[in-house]
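Have a look at the structure below, then the notes.
Values quoted throughout were computed directly from the atomic coordinates according to the rules given, and no laboratory measurement underlies them. Everything quoted here is computed from the prediction, not taken from an experiment. Here Cβ is always computed from backbone atoms with ideal geometry, including for glycine, and neighbour counts include all displayed protein chains.
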Amino acid sequence: MTYENDGHILGRTPTDEVDRYEKLEDDAQGVFPGDRFTYDEGMNRRELVKEIEESVKRQLTVQELMTDIDIPVYPCIMGWEDWHFERCRPLVENISRSVGFDATQYYSKYRLKEHVETMVEVLDVNRVFVNGRIAPEWLKMLPECVVSCSGAWNIRQEAKDATGELQGDRMPDIAARRVDALNEWQSDITNFL
């Protein structure tokens, strides 16, 4: 299961999440609990902490409610600075060190790389699923622990022909480029400094 649009999950309770997962038990390979928290450029630190803590609390509640459902839960990590990620520590300690990271609001591959590396350093996560911003050149820049991705915009753009019509026969090549980008991780000199 992949991430959802904000409009679909705002107001959804942990119980609502688990009810949805129960219906997918035979099909889903894993779930990422509703990850979104409200962020506004004008928020002060106290407001941001409250939003992160509420998201962490919701995800921990989902994990607690999943006792009778056989689907792995993977936490969604929120933030971009050390102290944001530190607030998410209960998720990796109590749910999983394999996590999701939402990159849909990123417009710089360098900034995304920096934030994912910071998350990995602070939380010592071992596998990362990145949602959004999944052009192959972006994926190649991310740390080796980024092992999976989802997103639709880039894929839809690549699948269009000259008239703007989606061409399904292009999908295998489009997917293969992303798999190759994830598997052809190139270290850079900063990893050795």
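Worth pointing out:
- Inter-label distance, nm, simple model (7 Å from Cα along the C-beta direction), Lys50/Trp153: 2.9 nm
- Restraint check, Lys113/Lys160; Lys23/Lys140; Lys57/Lys160; Lys57/Lys113; Lys109/Lys160; Lys140/Lys160, Cα-Cα greater than 31 Å: Lys23/Lys140; Lys57/Lys160
- Beta bridges assigned by DSSP with both partners in segment 86-193 are antiparallel in approximately 10 percent of cases.
- Contact order relative to length of the chain, as percent, for alpha carbon pairs under 8 angstrom and 6 or more apart: 16 percent
- Of interest is the spacing of the C-alpha centroids, which for segment 145-182 and segment 95-132 amounts to 21 Å.
- Identified option (computed volume of the Cα convex hull per residue in Å³; candidates [x] 131; [y] 232; [z] 145): [z]
- The length gained by stretching the chain between Ala28 and Asn183 to full extension, at 0.36 nm per residue less their Cα-Cα distance, is 53.4 nm.
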